[in-house]
Amino acid sequence: MSKFKLISTIKELPIEEGFSPGHGLCAGCTIPTIIRMVTKIAKGNIIVVSPTGCLEVSTSVYPTTAWKIPWIHVAFENAAAVASGVKSAFSVLKRKGMIVDDPFVVVIGGDGGTADIGIQAMSGMFERQDKVTYICYDNEAYMNTGIQRSGATPYGAWTTTTPFGVKSIGKAVLKKDLFSIAIAHKVKYAATVSIGYVNDMLKKLSKALINTPSFIHYLQPCPTGWRFDPALSVKIGKLAVQTGLWPLLEYENGKVKVTVSLTKRLPVTEYLKHQGRFKHLFKKYPQIIEELQSHADELAEEYGFSPLVSTPI
Amino acid sequence: MKVIQKNRLALSGNEAVAYAVKQAKVDVTAVYPITPSTAVSEKISEYVAKGELDGELLLVESEHSALSACIGAAAVGARVFTVTCSQGLLLMHEILYIASALRVPVVMAVANRSISAPLNIWCDHSDAMDQRDTNWIMIFVLSVQEVYDRMIQAFRIAEDFRVRLPIMVNYDGFTLSHTYSPVDVLSDEEVSPFLPRREPPFKLDPKNPITLGAVGNPDYYMEAKVQASKALTDSLLVIDEVDKEFEKKFGRSYGIYRKFMMEDAEIAIVGMGSAMGTAKEAVRRLRKEGKKVGALILNIYRPFAYEMLAKELKDLKALGVMERALSPGGVSSPLMSDLLSTLYLNSINIPTMNFIAGLGGRDITIDDFRKMFSELELLEKGKSKRPYLTYVGLRSEEREMVL
């Protein structure tokens, strides 16, 4: 662990890849980006555990694999428990002198496997303070099964199980606050990250690997489920931050701080307008857009962002 | 735990399991409490706290996570253990299939208990029977001594390269889990060479990366499942081999099944678990009365030794199967279904009866077995008026279905 160095720019990353091209994830999906980053930061000294989900089915279809590092999938709701087992095995076998390695153990799972069906196992793992890093790639719905709402689906969003109609605005309740849930467990480190802010993400991933248990909440723009042009993934990731809907935060030494502050805050419509899942709001439910704006304003006040919404550039 | 003499301890079934786990030097134990198996985790926690067992103890938040953690740890090459029963085993159910399909040698003790509703903490075999198609080796035991011995054997069998399958050691809740018996234990010096550490054939290792738990589409799924199933069938040989080696070294063995007064028996009852001890006593008494009766105690339920069993049962004039589980809406109870297939495939046509007894901890007495044998006697003579599926000790308006 002594050799481990905090990484804060892409240039510092090693060239060796832990993840191969040729996987089956959608065009514009940014899950591979965070995996490449975390496996590079760990310099391959890593075990990745994944629950069932987009990532799992797209990277491990026998007899092929996209994983150049050891990877295990057991089921949907238990990735955190599997990771606890993996980590404890390395600890005890190393202590007994039966192995020499004690790699980073990292869960990489979707919002369904984290916020919903897997939350119990994750809660247990955090409570036990097991030395595991949990990364949730949050594409805000069950994308692998075809865009059904999850506990992480945002207010007003269309999914196949929250269609809009005379009696439905889309998803009628707010998104689950995973970052706060993780903090409530007194994890050693937690952070929210975005594909639009890569250096911020690298720093946070580095810290998350060495300060365990840790939680990384990665907003994962999903062109397929959110209904946008795959070329826009990074832009959407940036807009989520710039509208104040996805504040970039860090929890360390018991305190939450903002890592990317907003001096110019954009109106939420700038984020919503690119996405088909919010299209119905513009046509039929402008009051929901207003509510989402109020929600962003509240977040801005909480995190000290610019109170004024600037005109889009 | 009370020391009676050197290497003879007074142990409950739960303590015997924990003692075997300590001697097997289990690396990772992941547990969640459930009556009547809880004392196993308490005892292991005590061993770890006192430094008598150098292992990681994962006190997880559910049985589902307990087995999941065992799979993760076993995938790294650790020796792992968990214990549960009843609702806990049912909560694990999904993961049981995955443990066997990933070919990780998990050892699990199950203090058999009924399934809710109504909530009931007492013994029957419904929990284990719910797992019979999960591709696990399933051992049933008759005594506290046997649960200790089988636990030691279990690690050896599961980790054998010809097997690489998880094992469930079933011991009756309360009847065995909480009953103290004198147990002849092995010394640590005897256990260590019997359970040697072997480098696993595959493991999660940063120096040699593998992908474990891949997607198997229609082009590969069937082969994967059939290979695991075949490994289970073939494990019978290893189970027997390990049992024989255990006998050679330590003087005790149990076999795939054991026969009690079966040599010239005309009527016999087959069953599993501690109630078969009562069956033995009933047989002993009936023999004194000149009845040609016997009992066959099945120790290994999965893999099912159908070829061997056919040979043992073919000359009987009537066969009864006593089982502490139901298969509602089905032809018969699970063990009976296996035996019926065995008889049919071997063209053995003997009158049979399926006795359902002891659900939810209802007592099964010597007198109950006497009634079962009398009914089988009537059956042999073609005079039984009871249906093929008969309940022992049930209160019911339908008198003819009750013994």
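Between a residue in region B:61-78 that is more than 7 Å from chain A (Cβ to nearest Cβ) and any residue that is aromatic (F, W, Y), which pairs come within a Cβ distance under 7 Å, given they are 6 or more apart or on different chains?
Here the result reads B:E63/B:Y32; B:A66/B:Y32, each pair linking region B:61-78 to a residue that is aromatic (F, W, Y).
When region A:270-290 is examined, which residues are found to be in contact (Cβ under 8 Å) with a residue 60 or more places away in the chain and either in contact with a strand residue (DSSP E or B) (Cβ under 9 Å, 6 or more places away or on another chain) or surrounded by fewer than 17 Cβ atoms within 10 Å (Cβ to Cβ) (or both)?
Scanning region A:270-290 gives A:G276, A:R277, A:K279, A:H280, A:L281, A:K284, A:Y285, A:I288.
Of all the residues that make up region A:1-47, how many are β-branched (V, I, T) and assigned to a helix (DSSP H, G or I)?
Counting residues in region A:1-47 that are β-branched (V, I, T) and assigned to a helix (DSSP H, G or I) gives 8.
Which condition number in (1) of a type in the set (K, R); (2) touching an Asp or Glu at 6+ places or on another chain (Cβ under 7 Å); (3) away from chain A (no Cβ under 14 Å) is the one that B:K50 fails?
Condition (2) is where B:K50 drops out.
Of the residues B:E398, B:E375, only one is modelled with pLDDT of 95 or more and charged (D, E, K, R); which?
Exactly one of B:E398, B:E375 is modelled with pLDDT of 95 or more and charged (D, E, K, R), namely B:E375.
Would you check which residues across region A:106-128 are assigned to a helix (DSSP H, G or I), under 12 Å from the mean Cα position of the chain (by Cα) and within 13 Å of chain B (Cβ to nearest Cβ) and list them?
A:G113, the sole residue that qualifies.
Could you say whether any residue in region A:79-93 is part of a loop (DSSP other than H, G, I, E, B) and within 7 Å of chain B (Cβ to nearest Cβ)? Don't jump to the end; show me each part of the working.
Of all residues in region A:79-93, those part of a loop (DSSP other than H, G, I, E, B) come to none.
So far as region A:79-93 goes, no, none of its residues is part of a loop (DSSP other than H, G, I, E, B) and within 7 Å of chain B (Cβ to nearest Cβ).
Against the condition surrounded by 18 or more Cβ atoms within 10 Å (Cβ to Cβ), at pLDDT 95 or above and either farther than 25 Å from B:K203 by Cβ or within 10 Å of chain B (Cβ to nearest Cβ) (or both), how does A:A27 come out, does it pass?
When the stated conditions are applied, A:A27 does not pass them.
What number goes with the only condition from (1) in contact with a Gly (Cβ under 9 Å, 6 or more places away or on another chain); (2) outside the structural domain of B:S187 (by TED's automatic domain parsing) that B:D243 does not pass?
It fails just one condition, (2).
Considering only region B:112-124, I want to know if a residue exists there that is within 14 Å of chain A (Cβ to nearest Cβ) and among the acidic types (D, E).
Looking for residues that are within 14 Å of chain A (Cβ to nearest Cβ) and among the acidic types (D, E), one finds none in region B:112-124, hence no.
Just to check your reading of the model, which residue among B:A310, B:A318, B:A295 is among the small types (G, A, S) and touching a residue at least 60 places away in the same chain (Cβ under 8 Å)? Give the steps one after another, and end with the answer.
Numbers: B:A310 fails: touching a residue at least 60 places away in the same chain (Cβ under 8 Å); B:A295 fails: touching a residue at least 60 places away in the same chain (Cβ under 8 Å).
After applying the criteria, what remains is B:A318.
Conditions first: (1) at pLDDT 95 or above; (2) out of contact with any helix residue (DSSP H, G or I) (no Cβ under 6 Å at 6 or more places or on another chain). B:G330 passes all but one, so which condition is the exception?
Here B:G330 clears every test but (1).
Exactly one of (1) within 14 Å of chain A (Cβ to nearest Cβ); (2) out of contact with any helix residue (DSSP H, G or I) (no Cβ under 6 Å at 6 or more places or on another chain); (3) without any contact (Cβ under 8 Å) to a residue 24 or more places away in the chain is unmet by B:P193. Its number?
Every listed condition holds for B:P193 apart from (1).
List the number of the failed condition for A:F215; all other conditions in (1) without any contact (Cβ under 8 Å) to a residue 24 or more places away in the chain; (2) in a strand (DSSP E or B); (3) not small (G, A, S) hold.
(1)
Name the residues in region B:355-381 that are among the hydroxyl-bearing types (S, T, Y) and either touching a residue at least 12 places away in the same chain (Cβ under 8 Å) or surrounded by 17 or more Cβ atoms within 10 Å (Cβ to Cβ) (or both), would you?
Listed by number, the list holds a single entry, B:T365.
Of all residues in region A:48-69, how many are part of a helix (DSSP H, G or I) and within 7 Å of chain B (Cβ to nearest Cβ)?
Of the residues in region A:48-69, 1 are part of a helix (DSSP H, G or I) and within 7 Å of chain B (Cβ to nearest Cβ).
Name every residue in region B:70-80 that is of a type in the set (G, A, S) and under 22 Å from the mean Cα position of the chain (by Cα), in order of residue number.
Selection gives B:A74 alone.
Of the residues that sit in region A:129-174 and are without any contact (Cβ under 8 Å) to a residue 12 or more places away in the chain and assigned to a loop (DSSP other than H, G, I, E, B), which one is nearest to the chain's Cα centre (by Cα)?
Among those residues, the one meeting the criterion is A:T145.
Checking the structure you have, find out if any residue of region A:229-237 is touching a residue at least 12 places away in the same chain (Cβ under 8 Å), buried (at least 23 other Cβ atoms within 10 Å of the Cβ), closer than 19 Å to A:I169 by Cβ and not aromatic (F, W, Y).
Scanning region A:229-237 turns up no residue that is touching a residue at least 12 places away in the same chain (Cβ under 8 Å), buried (at least 23 other Cβ atoms within 10 Å of the Cβ), closer than 19 Å to A:I169 by Cβ and not aromatic (F, W, Y).
The values are calculated or read from the model by the stated rules, or taken from the named source; none is laboratory data. These numbers come from a predicted model, not from an experiment. For neighbour counting, all protein chains shown are included, and Cβ atoms are generated from backbone atoms with ideal geometry for every residue, glycine included.
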